[in-house]
Amino acid sequence: LFPYTTLFRSVVSMIINIAHTKGGVGKSTLATNLAVELNCPILDLDKQGSSKYFNELRVENKKTPLTVILAQSRNDLSILQEYSENAKKHIIIDSGGMDNDLIRCGIELSDIIITPVRPSKIEVKGLQEFVQMINQSSFNAKNHYILLNNVQSRSIKDVEDMTDSIKGAKLNLLHTRIGLRKLFMDAYAEGKSVIELNKSSLAADELRVLVKELKDIIKRKA
């Protein structure tokens, strides 16, 4: 079904896909923040072009632009070959909140998938459906990580319940948690990472922890 898969896959490639078929979970916000801090390009599979728009805002605010590649067909995924054998050369995929051939092919070609989910009972079904999609693909599920995102400070019970659900399903749960913080929206509006906007903020601290955890995962894979 996906002819590029065996051509591009490599144990040392670092193609990082921020993916979930559910919209509104924070994929583009995470993808753009990570791309800024890792200094790497973004392959935008989202029809809304959220990463592209972020980059336009970045240019308007006189920040060094990212390289954002819009993918509209499977042929556009050929750019990933440049990253398939270089553990120090990363690319972020901003996957769209939908299920189609392009999204599935992006999943197959990824080396690490991070799925942001909000700690809420209503998010469980959507996560289960996405995990089922991954299990039906050739992607190695051990490289799939769940990130608790948009966590409210008073949602302790929801966090505990979601954590139990994720661990009960034997999924990888990242230690990092990203709070529901206005600074992420403010930073996006200026085309900046939260670290660039306010390096001493709680949001910046959380992003640093996420970047470190991701780098540790990359180091283990390399």
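The values are calculated or read from the model by the stated rules, or taken from the named source; none is laboratory data. Only a predicted model underlies this, so the values are computations on that prediction, with no experimental measurement involved. Please note: Cβ atoms are built from the backbone with ideal geometry, for glycine as well, and neighbour counts cover all protein chains shown. We work out accessible area using only protein heavy atoms, side chains counted, and drop any ligands, DNA or RNA first. Shrake-Rupley method; radii C 1.70, N 1.55, O 1.52, S 1.80 Å.
How high is the FRET efficiency between ASN140 and GLU60 when r is their beta carbon distance and R₀ equals 35 Å, given to the nearest 0.05? Working shown, then result.
Working: r = 40 Å, r/R0 = 1.14.
About 0.30, to the nearest 0.05.
Shape analysis of the chain based on the Cα gyration tensor places the equivalent ellipsoid semi-axes at 24, 23, 16 Å, largest first.
Lys and Arg at +1, Asp and Glu at -1: add these up for the other residues within a Cβ distance under 10 Å of LYS52 and post the number. Before the final figure, lay out the partial values.
On the way: positive: none; negative: ASP44, ASP46, GLU56, ASP94.
In short, -4.
Close amide H pairs (under 5 Å, H built 1.01 Å from N) link MET14 with ASN86, residues at least 5 positions away or on another chain.
Using a 1.4 Å probe on the protein heavy atoms, what percent of the accessible area of the range 78-139 belongs to carbon and sulfur?
Values: 1130 of 2540 Å².
The C+S portion of the solvent-accessible surface of the range 78-139 is 45 percent.
Between ASP99 and LYS157, the FRET efficiency from the beta-carbon distance, with R0 = 30 Å, is close to 0.45. For the range 141-152, the Karplus equation 6.51 cos²θ - 1.76 cosθ + 1.60, evaluated at θ = phi - 60°, returns couplings of 4, 5, 9, 9, 10, 9, 10, 6, 10, 6, 7, 8 Hz by residue, with Gly and Pro reported as x. Net charge of the neighbourhood of LEU202, taken over other residues with C-beta under 14 Å away and scored Lys/Arg +1, Asp/Glu -1, is +2.
At 1.4 Å probe size, with every protein chain present, just tell me what the per residue accessible area of the range 99-180 comes to in Å². It would help to have the intermediate numbers written out before the result.
On the way: 4030 Å² over 82 residues.
Result: 49 Å² of accessible area for each residue.
Summing -39500 (n - 2.57) over the DSSP H runs of n ≥ 4 in the chain and dividing by its residue number, what mean residue ellipticity at 222 nm do you reach, to the nearest 500 deg cm²/dmol?
Working: 9 runs with 93 residues, N = 222.
The helix contribution divided over the chain gives -12500 deg cm²/dmol.
Remark: the GLU213-THR67 segment gains 50.2 nm on full extension, using 0.36 nm per residue and subtracting the alpha carbon distance.
Could you tell me how far the Cα centroid of the range 35-90 sits from the Cα centroid of the range 95-140, in Å? Comparing the Cα centres of the range 95-140 and the range 35-90, I get a distance of 19 Å.
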